[in-house]
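Here's the structure, in structure tokens; my notes come after.
The values are calculated or read from the model by the stated rules, or taken from the named source; none is laboratory data. What you see is a predicted model; the values in this text were computed from it and never measured. As a convention, Cβ positions derive from the backbone with ideal geometry for all residues, glycine included, and neighbour counts pool all protein chains shown. Each accessible area value is taken on the protein alone, full model and side chains, heavy atoms only, with ligands, DNA and RNA left out. Shrake-Rupley method; radii C 1.70, N 1.55, O 1.52, S 1.80 Å.
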Amino acid sequence: MNDSTHHHPEWVPEHAGTAQGFTTNVMPGIKSRHDGLPGVGATRAMVRPPSARRPELTVDAYVDGVLAGDRSILARAITLVESNADRHQDQAQEMLTRLVPYAGKTIRVGITGVPGAGKSSLIETLGLRLCERGHKLAVLAVDPSSSVTGGSILGDKTRMELLSRNRNAYIRPSPASGVLGGVARKSRETMIVCEAAGFDVIFVETVGVGQSEITVRSMVDIFMLLQIAGAGDELQGIKKGIMERCDLIAVNKADGDNKLRAEAARVDYQRILRYLQPSTEGWKTQALSCSAYTGEGIDALWAAVEAFRANTVASGVFEKRRQQQNLDWTHNLVLEQIKRTFYGNPNVRMNMPAIEQKIIGGQISPTQAASLLLRLSMLEELQTPLC
Ligand SMILES: Nc1nc2c(ncn2[C@@H]2O[C@H](COP(=O)(O)OP(=O)(O)OP(=O)(O)O)[C@@H](O)[C@H]2O)c(=O)[nH]1
Ligand SMILES: [Mg+2]
């Protein structure tokens, strides 16, 4: 299958067949058929005979390869983290536990903004400069639409053409795994792997839709909102409360005949920010303008990121936020696990259809149904279906 006509990007798992097939289908966990999303199953063409598959790596090999900065092992380690197959979970968790001590010596920058604001273009321009200055940059995308529409996986990567070829940069599109919570968990774990592999700057790009912004805010140190002038989203931004969650507002596309408008929008934001609660203790949210095209304002933007880090490290806010994020992450994981265990419980699974019918039929109330399901989930022996 892997003939010369098909370029095989490192982020496409070995057995996915053609890159085209991968980006349009929700892929199963490495061994399973699919992760429970309706519809699409692996086609025969996408499954390679077992003999041609690369031998599975041991946890030692993953850990040593990641720490040594081996790109192909890095890609496989992230695929392992993203896998939904149960047998990969233990391996992934053991690998992560051993990599955590090497992670964390980074700055994690979240970038959000409406579709088309220029997030990927900005990461490309800023990223290339940072690589020139000797930084090692990893770019992760959290795109909630990725499981349904395939998201803008390719869109983002094509915008980062030069960066994706830079040896100091690594770009990993959003895992196509359905629920945002799942996407976020995997992105957090992917971040740990990238940090252990020696990347000192992590960019997390997310498209500006409510929940994914909150999710990304909860996994980064500094949160940047990219806006464009004249899109009438000043009010939008305030309404969504996103302006109170961000630490920096950058009005992009400040070039050509849009320059003055961008500058006027920047002044508007700066004025509005005076009335809003800043997102980070001891830091005044700033509004800047820039152009990912001309590169103007990009250095000032990064200088603001570095000032933010210096300020919050000195005040202890930087470390405190990371500790709180780890606590929140733990509780999220617990809730996710409880949910998986509950809905995986055979008594619950077996009786769910009948109980849902009773709710629809009005024979029992949602409250009654909920407590019945909870009682069922706690039974030791298998309960025959209620009806
Ligand atoms: N004039 C101008 N156009 C820009 C600039 N930055 C990006 N663009 C254009 O804006 C469009 C969207 O750019 P992207 O970088 O893909 O935007 P995005 O925010 O990543 O979009 P999504 O990932 O789809 O949410 C493209 O046509 C870019 O060429 C800029 O600084 N100036
Ligand atoms: Mg993008």
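The charge dipole of the stretch 271-380, taken about the Cα centre with unit charges on the Cβ atoms of Lys, Arg (+1) and Asp, Glu (-1), comes to about 300 debye, rounded to the nearest 20. A Förster distance of 41 Å, applied to the separation of the beta-carbon atoms of L260 and E319, puts the FRET efficiency at 0.50.
Local charge sum around F342 (other residues, Cβ-Cβ under 13 Å, Lys/Arg +1, Asp/Glu -1)? Net charge around F342: +3.
Solvent-accessible area of D64, all protein chains in place: 90 Å² (probe radius 1.4 Å, heavy atoms, ligands and nucleic acids excluded). Note on T341 and I359: the model spin-label points, each 7 Å out from Cα along the C-beta direction, lie 2.2 nm apart. The simple spin-label model puts a point 7 Å past each Cα toward its Cβ; for L372 and Q93 those points are separated by 3.3 nm.
Which FRET efficiency, nearest 0.05, do R309 and R167 yield, Cβ-Cβ r, R0 25 Å? That pair, R309 with R167, gives E of 0.50.
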